[in-house]
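FYI, it's all coordinate maths here, none of it is from the lab. As the structure is a prediction and not an experimental result, all values here were calculated from the model. Using ideal geometry, Cβ is built from the backbone for each residue, glycine included, and neighbour counts are taken over all protein chains shown.
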Ligand code: B12
């Protein structure tokens, strides 16, 4: 079986909430030398994207979405240790990451955390549904170089903007670089609300972070 066939099996099994088959083909993918990041992006995340579209069309419902999300989280944990990188690379900087208040979508944020860790960043993962007041406290406590905020709902994107305003009021805005992300978020939005960076996926998040840190890849 080639890479594309295996990834297709993973996608269709995840869309059917068939955990055993997802596991079976993730193993096959690894045996066949498919990179973990490829499995995550082009297998699991691609299926979630399609499931999201079906959910919007009311072809599937929340319970199915929840099961597929849980299967994805379990596989992410399994693949985390297999991502290439970390110990060969010098520490590049510290990023404080969170999904904003009111938003429980944390798969994308956790994927960004995994890849950034594998690429040499120290990651402080504050979790999901994190109030901005808490984020300001965490910045003061940990003094990260970067703050990354994820929002997956149109209604929670405004929390990203609020964080930037609160960081200004708290006098810490100039101490950090702020990156925004999440499916409805765009570079235009990020620039409009005064963030420093944006990326549409986890691999690009590392490139963007490096740019903001002044690191030449
Ligand atoms: C899985 C999922 C869920 C799961 C989440 C489980 C979990 N632990 O995360 C569950 C079932 C719990 C869920 C709940 C809900 N969901 Co939902 N969900 C999704 C779905 C299908 C996939 C999201 C996902 O994980 N994608 C895979 C990851 C890898 O991609 P990603 O998150 O985009 O992240 C990548 C990039 O965006 C970027 N990135 C992400 N964050 C960051 C941060 C930084 C700093 C950077 C640089 C980059 C970055 O890099 C990531 C990796 O490549 C989306 C559909 C979609 N198209 O997004 C709907 C979707 C987001 N959900 C939606 C809705 C409506 C809901 C609910 C309100 C449903 C309900 N009626 O209750 C609730 C919300 C609850 C809440 N308060 O948050 C809508 C949102 C509509 C909107 N535009 O506002 C969507 C778009 C589905 C749809 N088409 O209708 N959901």
Share of Cα-Cα pairs in the chain beyond 25 Å, whole percent, is 40 percent
Using a Gaussian network model of the chain with C-alpha springs under 10 Å, which one of 78, 192, 109 is most mobile by mean-square fluctuation?
192
Using a 7 Å offset from Cα along Cα-Cβ at residue 58, what residues in region 15-32 end up with backbone N under 14 Å from the label point?
none
Separation of the residue 213 and residue 65 label points, Cα + 7 Å toward Cβ, nm
3.4 nm
Label-point gap, in nm, between residue 155 and residue 38 - each point 7 angstrom along Cα→Cβ
4.0 nm
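Given the peptides 93-100, 3-10, arrange them by the average over their residues of other C-beta atoms within 10 Å, most packed first. Walk me through the numbers before you get to the answer.
Working: 93-100: 24.5, 3-10: 17.8.
Per-residue Cβ counts within 10 Å, averaged per peptide and sorted highest first, yield 93-100, 3-10.
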Binned at 5 Å from 0, what are the whole-percent values of the Cα-Cα distance distribution for region 3-80, short to long?
3, 18, 31, 25, 14, 7, 2, 0
Kindly put 133, 156 in sequence by how many other C-beta atoms sit within 10 Å of each C-beta, fewest to most.
133, 156
For an R0 of 45 angstrom, estimate the FRET efficiency from the Cβ-Cβ distance between residue 141 and residue 4 and round to the nearest 0.05.
0.45
How do the peptides 28-37, 202-211 rank, highest first, by the average count of neighbouring beta carbon atoms within 10 Å per residue?
202-211, 28-37
Calculated FRET efficiency, residue 50 and residue 162, Cβ-Cβ r, R0 35 Å, to nearest 0.05?
0.65
In whole angstrom, how far apart do the alpha carbon centroids of region 172-205 and region 1-40 sit?
31 Å
Which of 144, 63, 131 fluctuates most in a GNM of the chain (C-alpha springs under 10 Å)? That residue is 63
Choice from 81, 171, 194 showing the highest fluctuation, given a GNM over the chain with Cα pairs closer than 10 Å
171
